[in-house]
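See structure below.
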Amino acid sequence: MTELLERAIAQLKTLPADEQDAIAARLLAEMEDEQRWKAQFDSTTDEQWDRMAEMVRQEIAAGDTTPLAEVFPTQSEL
């Protein structure tokens, strides 16, 4: 176990049981979600990646995208 995880667990031990359970449930759900994403990525073929990339290129060419700066403006743009 890493030092950072040991520190996090040490802090968790100081919390009431219901808070520990709530955090544990969130952590387990996050780990399950990561496993699903990993499995999905691992099972995606090169042909599927190529098709997705082509779809993105078509959307960009058609102007069907929003610039990232509009979605996440920097502090100076606010």
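Every number in this text was worked out from the coordinates using simple rules, so none of it is lab data. The structure displayed is predicted, hence computed values, not measured ones. All Cβ positions, even for glycine, are placed from backbone atoms using ideal geometry, and neighbour counts span all protein chains on display.
With the charge dipole of the chain set up from +1 on Lys and Arg Cβ and -1 on Asp and Glu Cβ about the Cα centre, the Cα lying farthest toward the positive end among the listed residues Met1, Ala25, Met52 is that of Met1. Distance between the 7 Å Cα→Cβ label points at Trp49 and Trp37: 1.7 nm.
If only the Cβ of Lys and Arg carry +1 and only the Cβ of Asp and Glu carry -1, the dipole of the chain around its Cα centre is close to 200 debye.
Compared with the dominant Cα axis of the chain, that is its longest principal axis, helix 46-61 is turned about 60°. Relative to the compact-globule estimate of 2.2 N^0.38 Å, the Cα radius of gyration of the chain comes out at 1.79. For Leu27, the shell of other residues with beta-carbons less than 12 Å away shows a net charge of -4, using +1 for Lys and Arg and -1 for Asp and Glu. Taking the helices alone, the chain has a mean residue ellipticity at 222 nm of -23500 deg cm²/dmol, built from -39,500 (n - 2.57) per DSSP H run of at least 4 residues and averaged over all its residues.
Taking the chain as the reference, fit the longest principal axis to its C-alpha atoms, fit the long axis of helix 17-43 to the helix C-alpha atoms, and give the angle between the two in degrees, 0 to 90, nearest 10. Orientation of helix 17-43: about 30 degrees from the principal axis.
Under the combined filter of DSSP loop state and at most 15 neighbouring Cβ atoms within 10 Å, the range 1-53 retains these trypsin sites (Lys or Arg not before Pro): Lys13. Sequence-ordered 3J(HN,Hα) estimates for the range 65-70 from the Karplus curve with 6.51, -1.76 and 1.60 and θ = phi - 60° stand at 10, 10, x, 4, 4, 7 Hz, glycine and proline given as x.
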